[in-house]
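What follows is a short report on a single structure.
The values are calculated or read from the model by the stated rules, or taken from the named source; none is laboratory data. The structure displayed is predicted, hence computed values, not measured ones. Cβ atoms come from the backbone with ideal geometry, glycine included; neighbour counts cover every protein chain shown. Side chains included, ligands, DNA and RNA excluded: accessible areas come from the protein's heavy atoms. Shrake-Rupley method; radii C 1.70, N 1.55, O 1.52, S 1.80 Å.
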Amino acid sequence: MKKALLLLALIAIGSGLAVVLLYGFSSKPNERRNGFNRQRAIPHLKPKYLSWQVNGATDIAGATDDELFFQTSDPTQIIRTSDDFSSIKMVYLPMQANTSLQSNFRIVIDDAHTFVYASNMPAIYCINLKTGAINCHWLLRKFSRGIALDTSRYIVRALDTGLGDQVIESVNIDKNTEVPFKNILECKHDAGFSTDGLLLYDQSSHLLIYKYFYANRFVTFDTCLLHISRHTTIDTNFTLPDNGKKMSKAGYRPTYTLSAAPIFSTITSCLDDGILYCSSALQADNERTSDFLSNSVIDCYNAVTGIYRGSFYVPRQKGEQVVHIFARNRRIIALYSHCVAVYQLP
């Protein structure tokens with residue numbers, strides 16, 4: 001019973017975050033001084049390409065040198081565009097959708113493969129882009145985040161029912177092993193609510209980063225999950241939110257939530273060529289309110305040392321804030337609610 005209930009709690013994280021996002025992205029956390037400064041003379045980027053025609057995109061799946069890929073609400077469909085949006089096509093993946101897959105998934109595309117992370121099945125689909133061949137790798141535990149090191153090795157953030165929390169795990173399909181590493185993320189016994197964040201991988205440096213949503217922290221580690229370093233971003237939002245456990249009327253069915261609406265440190269982030277890019281939710285004390293409210297500010301950090309490298313502004317489009325970012329070859333792809341833009345980094 002306990003295991004089943006914790007799994008239900010994991011599934012509920014997405015819907016719970018939808019509520020706190022409304023608060024975390026609002027101006028309330030910035031109605032006071034936040035206790036940090038950004039580098040002065042922050043560049044204001046202008047879009048190299050912009051399109052309002054990429055309809056149905058919900059996340060950025062990946063990019064090559066001349067193409068962009070976007071996830072949709074359907075796990076069997078992706079959007080494929082040229083980098084200048086002159087060509088936009090719907091691509092259908094050779095797989096069958098089901099209720100578990102549809103309930104929680106993430107699609108990531110590299111130069112040779114499409115990976116579909118079916119968190120609630122739990123399974124990872126690996127599709128060869130050239131041949132269309134598809135393999136389905138079943139996992140032992142449900143997970144909330146996943147990245148591929150190659151077609152047989154994965155790193156996931158999975159639910160450890162014994163701890164009542166999520167831990168980073170190394171998955172090796174060839175060896176049929178799933179090895180948890182419990183020393184990377186804090187254990188709060190709340191099904192992973194308070195430590196929620198993004199798991200990122202940089203193929204050029206072979207580094208992984210876990211960037212927290214609610215705290216000014218990120219953890220850098222290698223593919224063996226042995227060399228671990230901890231860093232902080234420039235904002236001062238250090239404390240993880242408190243978690244709470246509510247009991248149902250029957251008294252035996254716990255549900256996990258946060259005891260109060262958290263303050264977001266980072267809205268979204270991405271990693272490329274040894275640089276961590278964080279779209280910050282917090283205004284700096286030396287930052288003009290007009291600049292902060294009319295742009296999304298991206299803070300940059302060295303992934304190895306954690307040193308702050310500066311910031312730049314990505315403009316809002318018709319009032320829309322950036323919700324997802326992806327970096328490749330000195331470009332930032334920014335997904336808004338109804339449009340997509342490509343920016344050249346300074």
Legend entry - Elements of type strands (runs of 3 or more DSSP E) in the stretch 43-132, at least 2 residues being farther than 27 Å from R153 by Cβ: 49-51, 77-82, 88-92
Inset, instruction - Would you confirm whether any residue within the stretch 64-76 is buried (at least 19 other Cβ atoms within 10 Å of the Cβ), touching a Phe, Trp or Tyr at 6+ places or on another chain (Cβ under 9 Å) and touching a residue at least 60 places away in the same chain (Cβ under 8 Å)? - result: yes
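Residues are listed down the side, and each one gets a yes or a no for (1) surrounded by 18 or more Cβ atoms within 10 Å (Cβ to Cβ); (2) modelled with pLDDT of 95 or more:
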residue: L240; (1), (2): yes, no
residue: G251; (1), (2): no, no
residue: P254; (1), (2): no, no
residue: F264; (1), (2): yes, no
residue: C278; (1), (2): yes, yes
residue: A284; (1), (2): yes, yes
residue: D291; (1), (2): no, yes
Legend entry - Counted residues, the stretch 133-164 - those being open to solvent by 10 Å² or more (accessible area, probe 1.4 Å) and either in a loop (DSSP other than H, G, I, E, B) or closer than 19 Å to L198 by Cβ (or both): 17
Legend entry - Subset of the stretch 169-192 [modelled with pLDDT under 95 and either open to solvent by less than 40 Å² (accessible area, probe 1.4 Å) or in contact with a His (Cβ under 6 Å, 6 or more places away or on another chain) (or both)]: D190, A191, G192
